[in-house]
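Asker: Got a structure here, written out as structure tokens. Questions coming.
We did not get these values from a lab; they are worked out from the coordinates using the rules stated. These numbers were taken from a predicted model, which means no experiment stands behind them. Glycine gets a Cβ as well: all are built from the backbone with ideal geometry, and neighbour counts include every protein chain shown.
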Amino acid sequence: MIGRLALRSLTAHPVRSAVLAAGFGVGVAVMAILLGVAEIVLTQARSPELVGGGDVVIHLEPSVPARMVMSGALQSDQLRNRIRAAGPSHSAALYLIRDDGPLRVDAHGGIPSIEKAMGDSEVASSRQWQDTPEDVAWTQTSPEDVLRQIDRFHEIPNAPIWEDSWAEWLYFNGRARDARFYLTFMVGPRQPDGGRQAGVRLQLDRGGRVENFSASAQLAEADTKRAPELTIGANHVRLEGVRYVIDLDLRGEAGRSARGRLSIEASPGRLVPPIEIGGAHGWRTGYVVPVMSGNLDGTLDVATERISFAGGAGYHDHNWGFWRGVSWQWGQAQQGDLSLIYGRVFPPPDAADPNRIPGFVGALGPDGPLGYATDVTIDEMNDANGRPRTITVTARSRLLDVRMQFQVGSVVMTRMTQGTLASGLSFLQMRGQYTVTGHAGEREIDFTAPGSAETFRENPKLQIPNPKSQ
């Protein structure tokens, strides 16, 4: 009965039935084709030999210096042999003018060595198609060039509301045996005459006895363009290959002097890339760590005593931005080939909501990053005088789950003034002992080591000059 009704319905309207049948047929055919194409695309996407395949695809905008990305952590031993780069390319329509009229030709340009490495059959056998110097500059950047790029000084943004609080500095610390140092090369905001006030501060800690040394000078704007090559008075920072060489000639309390040369060697791939935060009215602050942990060498002569840092470990970071009303929490620990760093910035309320800026913890191993997290808590426990006694940092992510507990050993405080950093607060620089447990990637972490930390407090009574805060 059902079959008879269906037959009569189809024969009653033969044209409509034919169109309907053709439509169903076309729909089924298109679906079959799409499924077949999708299977091919999926297979190609999974192929590491083709552009777009692999574990991770990184697409860079034209404004991003790709050579910096290729020469950083991607050059670690773990990743170097797994990288396949698809270089910049451009397609255009060209016209070949012949006697019988113009002929359109579709042209495609790229970097020869990369196109050949990707197996492009059109150029694989062409010996004449070689990289130009510009191509080489894109594909090959030395570790020294990477350091110079990320460690350069920045143009002061046009932000009148904040301009009097701009500062940028190179910061170094290191330890060997029973001595530690904390060193800052700082350049302040532009003065009415166009110059920049600059200073060098050294804090030297020997067995818990802290001594401070300093020097200052006026720099021209052009002098800051050479950074990280920086000269302030008789003090210099130079970058020789991947080694920072620092010459010091400073004066301290009671006429004592500190002179000498220190060096910290960077490791390609073991760095924290530039991080910048922006806010209202053009507010900005940024941070980069060119050396998470490097070999330290050199000596300092303090009066008649020579202090050796040979065989020690050093650290170097670089900060820039508008600092009025800004505070932060920061800390760094290292043990062997493992380095951990944590931090959180609190911007002024009229620039951004301080409660919405997350903390950060990163871990670097011998071949580059092991993991990072932004699900971070930083708890500070105070003593009876309101100064930090312990700091506990917890961080959780898929690749990083660590707990860092910092036992404060000594504290140096500096009262901030209007126009610099967080006015009305005091800056605390601490030294002590870290106990770190957890895991980063597949690596278990369990160690105790000396380290540093920084934070702020409101109006403490103790006020002792600190080199990194001035």
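Asker: What does the charge dipole of the stretch 142-321 about its Cα centre add up to, to the nearest 20 debye, if the Cβ of each Lys and Arg holds +1 and the Cβ of each Asp and Glu holds -1?
Answerer: With Lys and Arg at +1 and Asp and Glu at -1, about 420 debye.
Asker: In the stretch 105-176, which GluC sites (Glu not before Pro) are in a loop and have at most 11 other Cβ atoms within 10 Å, using DSSP for the loop call?
Answerer: In loop regions of the stretch 105-176 (DSSP not H, G, I, E or B), the sparsely surrounded GluC sites (Glu not before Pro) are Glu122, Glu155.
Asker: Sort the following peptides by mean Cβ neighbour count (other Cβ atoms within 10 Å, averaged over residues), highest first: 98-106, 249-257.
Answerer: Going from most to least packed, we get 249-257, 98-106.
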